[in-house]
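Data first, discussion second: the structure below is written as C-alpha cells.
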Amino acid sequence: MITGGISIKNVTADSEDVKPLNKPSDPPHSFLGVWTSSGYTLQPDAQNYTTPGHKVVLNTKAVKSGWGFMDANYRWYKSTDGGVNWSEVSDYDAGMTKNLHITPKEVGTTYYQQKAVWTGSWFNSTQVAWSQVAAVHVVPQDIYAKKIQLSHDDDYLYNTKNEIAPNSTLVREQVDPDNYTEDLVWSVDNSELASIDTETGELFANLLGKSGVVTVSATIDNPDGTTISASTKVIIGGGLADQVTESGKSARFTLLGRIGKLDLNSKEESEYTIKWFRQPVGTSQSIEVDASSNKASFIDVTDPKMKNSGDLYWAVINVRENGKDHSYTTNKAKLTVEPTDKPNIELNNEVKNESFDVDNIDTVLNQVSHNDKVVYENDIINKSDGGSLVNGEFVLPIRPGTGIDSVIIDGVKLDPKDYRYVAEYDDKSSALIIDNINCLPEQTRHIKISTTVGSITQNETLITQPQIVSNEEDHSYSKVGNILTLNYVTNILNKSIRDISYGSINAYSKEKIISRTLDTNMPNNVVEIKDQRRVKSPLKVFVSQISNFTNEKGILLPGSLRLYDNDKYVDIIENKSLVEASRQNEPVKSIGWSEKNGLLLYMHGSPVLEGKYSATLNWTFEDSV
C-alpha cells in the first residue's frame, strides 16, 4: 500500500554533540487523507541565523494519527549549553505557542525543542510528538540571501473540506547561503484560489470549489536594497481534470493529488473502495461505470463518439478506518470528443466596392452608399492532409435590405434555391447561408457573392465576420474568417434651415439696423449642414429675399434684409447673394453669424404700424462651375 509521507530535511542542530531533551519523532505517515502516525509535517529549521534585536520565528506543524481535526498543546524547551541542560521557555516568552517568536538581545547560540501533546481524542489516549532540535545563532552582522529554491509536499490540493482529500500543503524553501539572517515572506498570486501563512509557507486551498493554478512566491528583502525571490505552482481542483480526445480514441480520467497515489496491489482489501460514475450529456442520469477493480484510481473511456462529447465523469472514494466510514466525491470532469481527422481550414476573405473605391482596404469599406455593388470574395482552404470538411454551412452576415445579385462557387453560379437569405439573422444583420459545402484535404473552394446595397437613411457601420461550420456527427468543425467593416453613408447633403426672428421693433426706427434674436446668433447656426456626399465637389450657397415684409393685414414693413460681412453688406431683396462656398474635397460648412454679421434687418422708413411681419427667404445650393 502506498502511503503519504513527509519529506524532512534531516540536518542536526549545529553538531552531533547536541543532545535533545527527547528523541525527535519519526516523520508521520498517512493513508489517503488519514495520518497513520503522529509527528511533524513542518519541523523548525535546524539552523536559524539572526542578529541582536532582529526577530526570528521557529515555525512548526504537528499532526496526530487517526481521524478528526484536533489542535495540539505545545511546549517549547531551550538549552544554552549544547543540550546538557534543558528548561521550559516561559509562558511570558510564549513558550506554549505553536510558532515561537524570538528576539535575541546578544550574540550566541540557543537550542530549542518542541513537544506537541494531544489529549481527549476519541480513542481516549494521549499522543505525543517531539520536534527536531533547532539552533538559533545570533551573529553580529547581517548575512544576505543570494538565492531561493522552493519545493512543496503536494502539487495538487482539493478545493473542498474533507478528511480524505488534503486541502493544505507546505511549501519549503532552501536559501543560499543557509545562514542568511533576513526574513522570508510568503505570498500567492490569486487569493481566490488559495491563501498562505506568510511565515510558515503553509498553503490552504479555497473551500468554495474554485479551480486553477496558484503561484506561490517567497521573497527576502536584504538590508542593502536587493530582493531575492522564487516561485512554484500548485494546482487547486476537485480531484479530476477535463479530458479531450478524438472520436474513437480512448480517454482516461485519473484521480489527481494524494488520493490518486494508491497502490492497486494493496492487501488491505477492506480499507477503501473507489466507484466511478458517468452523466450522459443532456441528462441528469448518474450511471455507475465498470472499472478494472473497486480500487481503480482511473477510468478509461473506450471508443468515445462525438455524441459523447459533454459527458461528465466523477469518482466516489469510501474509506473505512477503525469501524468509521468516510467518503469523498470528486468534481465532475467533462469529456470533449473531437473529430478524428478534422480539417484544418483557413478562411481567407475580403470585400470590394465596385462602385466606389476610395480609401478602402481588403477588409474595410468606407462611404458605402445606396445601389453600390459590393462583392465578397472568400477562399476556404483545407490544409489538412487527412481530414475533410463535410456538409459545411457558410454564413455571411450582411446589412438588412442588401440585395443578392449572384453566388458563384468555383466558377459555377448557384441557383437561388441553393442558398438561403435570412432577413433576421441577429439583432443587427441579415445573412446569406450556403449549405452542403464540402472541402477535401488540400482543396480550396472559392465563393464569390455579389450584392447591391439597399436604401440608407442614416450613417451606420456594420462589422461582420463570415464563418464555416459543420455539425456532422464525428465531423463537427467551426472556423471564422477575417472581420469586415463596412461604413455606410447617405451620400447626400443634409441641411436644416431655421426661421429668423428680429424681435419687437420700435415704431420709429428709421435708418436703424435690427439684429437677430439671440437664438439665431453664434454659437447657434441658422443653416445646419451635414455634408455626407462621397464626392465633395465645390458648392455655393445663396440666399435672397423674394417677398417684402408684410403683416397679417397686408401692410408693408418699411424695411428689408441685408447680408453683412463686417462693415460691408449687400441688399438681398430679389437679389441672389452668395453666403458660403466650399472647395473641392471639402465639406460645406454650417452657416451661422455673430450678432453684427449675417442677415440683419435695415429699417429705411417709419412709422411702423402694429402687427406681426414676415417675409420669405429663398436658399439655393448650387454646384460651382
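Bear in mind these aren't lab numbers, they're just calculated from the coordinates by the rules spelled out. On a predicted model such as this, the values are computed, not experimentally measured, just so you know. Cβ: placed from backbone, ideal geometry, glycine included. Neighbour counts: every protein chain shown.
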*Per-pair calculated FRET efficiency, R0 = 60 Å: Ser406 and Lys495 via Cβ, rounded to 0.05*: 0.95
*State, as an integer percentage, the relative contact order of the stretch 243-338 based on alpha-carbon contacts under 8 Å between residues 6 or more apart.*
36
*What are the lysines whose alpha-carbon lies under 23 Å from the alpha-carbon of Lys510, with same-chain residues fewer than 8 places away excluded?*
Lys553, Lys568, Lys596, Lys612
_Neighbour-count order for Met306, Met96, fewest beta carbons within 10 angstrom listed first_ = Met96, Met306
*Be a star and scan the stretch 134-166 for residues whose amide nitrogen sits under 18 Å from the point 7 Å along the Cα-to-Cβ vector of Met70.*
163-164
_Added length on full extension, which subtracts the Cα-Cα distance from 0.36 nm per residue, Ala230 to Thr302_ = 21.7 nm
_aspartates and glutamates whose Cα lies under 19 Å from that of Lys19, excluding same-chain neighbours fewer than 8 positions away_ = Asp45, Asp81, Glu88
*Can you put Ser327, Ser297 in order of Cβ neighbours within 10 angstrom, beginning with the fewest?*
Ser327, Ser297
*For Rg and Dmax of the Cα atoms in Å, several values are listed as [x] 43.0, 129; [y] 32.3, 114; [z] 40.5, 141; flag the one computed from this structure.*
[x]
_Exceeding 24 Å between C-alpha atoms, which entries from my cross-link table qualify? They are Lys210/Lys324; Lys495/Lys536; Lys23/Lys64; Lys64/Lys115; Lys78/Lys98; Lys61/Lys146._
Lys210/Lys324; Lys61/Lys146
*Within straight cross-link reach of Lys448, meaning Cα distance under 17 Å, which lysines are found once same-chain residues fewer than 8 apart are removed?*
Lys352, Lys373, Lys413, Lys417
_Give me the percent relative contact order of the stretch 147-237, please, defined on Cα pairs under 8 angstrom at least 6 residues apart._
33
*Can you tell me the Rg and Dmax of the stretch 274-338, counting just the alpha carbons, in angstroms?*
13.4, 47
*Rounded to the nearest Å, what's the spacing between the alpha carbon centres of the stretch 76-91 and the stretch 563-586? Just the number, please.*
106
*What are the extents of the Cα atoms of the stretch 144-258 along their three principal axes, listed from largest to smallest and rounded to whole Å?*
61, 30, 21
*Among Arg534, Arg583, which comes first, second and so on when ranked by fewest other beta-carbon atoms within 10 Å?*
Arg583, Arg534
*Over the chain, what relative contact order in percent results from Cα pairs under 8 Å that are six or more residues apart?*
8
*Taking the dipole about the Cα centre of the chain, with the C-beta of Lys and Arg at +1 and of Asp and Glu at -1, give me whichever of Ile228, His326, Thr461 is farthest to the positive side.*
Thr461
_Cα centroid separation - the stretch 400-441 against the stretch 305-347, whole Å_ = 40
